[in-house]
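Report on the following structure.
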Amino acid sequence: MWQAKVYRALPSLLRDFPDTRFLFMTLTIRNCPVSELRATLTHMAKAWKRLTELRTWPARGWVRAVEITRSQKDRSAHPHYHCLLMVPPAYFQGDYLKQYEWAELWRQCLRINYKPVVDIRTVKLDLVQSSQRVNKPPARMWEAVAEILKYAVKPSDMIRDHEWFRELADQLQKTRGVAIGGILKRYIKEREPEKLTEEPGEEEPAISGEQLFFGWKREVRKYRRLNGK
């Protein structure tokens, strides 16, 4: 659903901002026990808010999605953000933020004493005319959107450890899966906005435990509820 919403918005966005550029960014934090996932996600959300309020924040629009993977070593949860940042073309003409600088800013916003892993790269658009980009967004743009909004939890992690998945479902109830900010809020609307405590003022659907249980059953092509069994 979110992939479709963002992709439908791209033609209008590129028509209004034909020279805009995009960055693909991944922000991480240390693994946590799955029982502490809700608290960790709340901590990350507050850090993200601090990051977007910095004077050095370059994005005039952004999409941010949560992904959670399971550690095979100790069954801990690895929450991280995949983000698409919309920046003006002038961003690359000046002293733009380097990867190590992004990592330091994210560390400060998280208020941690270790260096988190951060990856930032430019979404390289195909060399086509602006008019063509408006009618049909570049393939690499769609690839970036698909990567960011692919899933919150890998289906393989859902199947591998049922107890872990049940705890994950409880931890993710009424938490944010996707957030939209800045200019992009004009282009991507939501039918039923919900007020969520972690980041007041933003609108996005919650991920419920029931939705996640049905997602696991999708792997075996059956849409039944587990009922704790």
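Here the spin labels are modelled as points 7 Å beyond Cα on the Cα-Cβ line, and at Lys124 and Thr56 they lie 2.7 nm apart. When each of Trp57, Trp48 is scored by the number of other beta-carbon atoms lying within 10 Å, the sequence from fewest to most is Trp57, Trp48. A 28 angstrom limit on the alpha carbon distance is what I want to check against. Which of Lys49/Lys115; Lys73/Lys124; Lys49/Lys189 exceed it? From the list (Lys49/Lys115; Lys73/Lys124; Lys49/Lys189), the Cα-Cα distance tops 28 Å for Lys73/Lys124. A Förster radius of 22 Å combined with the Cβ-Cβ distance from Asp161 to Ala39 puts the calculated FRET efficiency at roughly 0.60.
Each peptide in 104-112, 172-180 gets a packing score, the mean of other Cβ atoms within 10 Å over its residues, and the list from highest to lowest is 172-180, 104-112.
The residues Arg21, Arg64, Arg160, when put in order of fewest to most other Cβ atoms within 10 Å, stand as Arg160, Arg21, Arg64.
Fewest first, what order do Glu101, Glu67 take by the number of other Cβ atoms within 10 Å?
Glu101, Glu67
Read-outs throughout are calculated quantities, based only on the coordinates presented, and are distinct from any laboratory measurement. Everything numeric in this text was worked out from a predicted model, so none of it was measured. A quick note on method: Cβ atoms are made from the backbone with ideal geometry, for glycine too, and the neighbour counts reach across all protein chains shown.
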